[in-house]
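Notes follow once the structure below has been shown.
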Protein chains: 2
Amino acid sequence: MPNSEKSLYSIAELAREFAISTRTIRFYEAKGLIAPNRVGGTRVFSRRDRARLMLILRGKRLGFSLREISDYLGLYDADPAQKSQVELLHNLVSQRLDKLEQQQRDLTTTIRELREIRQQAEDQLADARKPARSA
Amino acid sequence: MPNSEKSLYSIAELAREFAISTRTIRFYEAKGLIAPNRVGGTRVFSRRDRARLMLILRGKRLGFSLREISDYLGLYDADPAQKSQVELLHNLVSQRLDKLEQQQRDLTTTIRELREIRQQAEDQLADARKPARSA
DNA sequence: TAAATGGTTGACGTATACGTCAATGTGTGG
DNA sequence: CCACACATTGACGTATACGTCAACCATTTA
């Protein structure tokens with residue numbers, strides 16, 4: 001059962017699927033974020049390449065630079081034999097988690113504030129329809 | 001009791017407090033994100049200016065562009081008399097909330113994955129010290 | 001009075017993240 | 001055979017977000 005899902009993609013297919021340009025995908029490759037196989041000169045993307053691309057785009061939605069995303073992808077790749085490598089990985093992951101947790105706090109605060117503003121706007125619209133009830 | 005807290009700041013004070021450059025603060029002013037008073041030519045920042053700067057920096061930590069942050073600050077400023085303005089504000093706030101909530105989902109997933117990776121690293125470090133217990 | 005301190009406005013430089021050609025190659029259908 | 005779709009690299013252009021001078025003005029302290 002060799003997995004019924006499609007497992008190879010052209011650059012144009014991926015670009016369409018994720019609503020980005022082919023130029024963008026080539027740029028990510030030039031920056032070392034993905035490394036698709038080649039058939040002749042033509043890039044051929046595997047499911048793993050596609051998964052990496054999804055990680056990249058999620059990183060972008062979170063506001064990270066390509067450099068940061070590159071480091072981040074390294075965290076997924078690592079399969080270290082050396083203890084020192086495991087420790088290094090652990091440190092890197094922990095640092096990244098600290099940043100993400102700070103971001104989550106910022107995000108929670110911001111969402112709370114905007115919900116408050118939205119609520120006030122809704123109250124005002126309700127008052128406009130039924131202006132009584134002051135005291 | 002005119003509020004014991006400091007209420008006026010120089011550009012250098014704010015730069016130091018938030019670990020950014022004075023150039024950055026001037027740049028934000030040039031982009032219309034803050035509008036400090038002037039005494040002669042010199043900028044004098046109020047507590048409100050400082051609060052806005054904090055909002056800007058939080059927006060940056062969340063990965064937003066200055067343009068997006070500018071729009072976002074407008075949401076805080078609005079105090080609309082017109083019903084249509086209230087509706088517009090409500091729409092803008094709702095749109096922004098959609099983006100932030102998507103970001104929060106991305107963030108939650110990413111944090112979960114990194115915690116998993118960190119856990120695996122910790123397990124490996126534990127195994128290295130006490131390698132038995134395979135089945 | 002001279003120098004240090006802190007402020008100002010240009011103007012130019014730079015890294016990032018692509019967009020936009022141009023020139024070229026490759027395979028497939030009519 | 002030839003057009004057309006789809007791919008390639010290379011080069012140049014562009015918006016954003018500042019950094020980095022230069023040249024200048026105003027206080028204040030030695």
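The values are calculated or read from the model by the stated rules, or taken from the named source; none is laboratory data. Everything numeric here is computed off the predicted structure, so don't read it as measured data. FYI the Cβ positions are ideal-geometry reconstructions off the backbone, even for glycines, and counts take in every protein chain you see. Heavy atoms of the whole protein, side chains included, go into the accessibility calculation; ligands, DNA and RNA do not. Shrake-Rupley method; radii C 1.70, N 1.55, O 1.52, S 1.80 Å.
With N the number of residues in the protein assembly as shown, Rg(Cα) / (2.2 N^0.38 Å) evaluates to 1.33.
Using a 1.4 angstrom probe on protein heavy atoms only, the contact between A and B buries about 3800 square angstrom of accessible area, both sides summed. Annotation for B:ALA128 and A:LEU97: the two label points, set 7 Å from Cα along the Cα-Cβ direction, are 1.7 nm apart. When Lys and Arg each count +1 and Asp and Glu each count -1, what net charge do the other residues less than 14 Å away from A:GLY41, Cβ to Cβ, add up to? Charge balance near A:GLY41 sits at +2.
Kirkwood hydrodynamic radius of chain B, from the reciprocal of the average inverse Cα-Cα distance over all distinct pairs: 18.8 Å.
Distance from the axis that maps chain B onto chain A is least for the Cβ of the chain B residue given, with the whole Å value, as B:GLY63, 1. How about the range A:35-63: which of its residues lose at least 30 Å² of accessible area in the presence of all protein chains relative to their chain isolated, using a 1.4 Å probe? Output list: A:ARG58, A:ARG61, A:LEU62.
Surface composition of the protein assembly as shown: carbon plus sulfur atoms hold 50% of the accessible area, using a 1.4 angstrom probe and ignoring ligands, DNA and RNA. The order of the peptides A:70-79, B:55-64 by mean Cβ neighbours within 10 Å, most packed first, is B:55-64, A:70-79. Say a paramagnetic label sat at a point 7 Å from the Cα of B:ARG115, along Cα to Cβ; which residues of the range A:80-115 have their backbone N under 18 Å from it? Inside the label zone: A:90-109.
Here A:LEU33 sits with roughly 0 square angstrom of accessible surface, probe radius 1.4 Å.
With contacts taken as Cα pairs under 8 Å at a separation of at least 6 residues, chain B carries a relative contact order of 15 percent. Probing with 1.4 Å while keeping every protein chain in the model, the per residue accessible area of the range B:11-135 equals 60 Å². Only protein heavy atoms count here; on that basis, with a 1.4 Å probe, A:ARG112 has an accessible area of about 150 Å².
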